[in-house]
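Visitor: Got a structure for you, written out below as structure tokens; questions coming shortly.
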Amino acid sequence: MSAINKNVALFLDSKDNVAILLDSVLKGDLIFLKGTEKSVQATQPIETGHKIALTHIEKSAAIIKYGQQIGIATTDIKPGEWIHLHNMESVYDKEFKKRIEV
């Protein structure tokens, strides 16, 4: 995306440490958090609908989206990084596995 395009991400709860991209972004793009004055710079290309880290998230820390814990960081995550199953473990997958193993 060019510098004149405004990249926007969905940010719904003040506890969130991730936002959801409403457009695909390239490394270096500045992403504005909808409804706030906040922004974050992408450290890599990230596709529409994926999560982007808003803050530094330490390994084993909670990943918070829409005010709810959705996962745990499996590595340190820097602001602007793509968040997906390569650097987080889903609490939903973990809970599902517990239920089917019983």
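Condition check ((1) modelled with pLDDT of 95 or more; (2) touching a strand residue (DSSP E or B) at 6+ places or on another chain (Cβ under 9 Å); (3) among the aliphatic types (A, V, I, L, M)) across all residues:
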position: S60; (1), (2), (3): yes, yes, no
position: G67; (1), (2), (3): yes, no, no
position: T74; (1), (2), (3): yes, yes, no
position: G80; (1), (2), (3): yes, yes, no
position: N87; (1), (2), (3): yes, yes, no
position: Y92; (1), (2), (3): no, yes, no
position: K97; (1), (2), (3): no, no, no
position: V102; (1), (2), (3): no, no, yes
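Visitor: When you check A61 against the structure, is it within 20 Å of V91 (Cβ to Cβ) and not aromatic (F, W, Y), yes or no?
Guide: For A61, the condition - within 20 Å of V91 (Cβ to Cβ) and not aromatic (F, W, Y) - is met.
The values are calculated or read from the model by the stated rules, or taken from the named source; none is laboratory data. No experiment lies behind these values; they were computed from the predicted model shown. Positions of Cβ are backbone-derived with ideal geometry, glycine not excepted, and every protein chain shown enters the neighbour counts.
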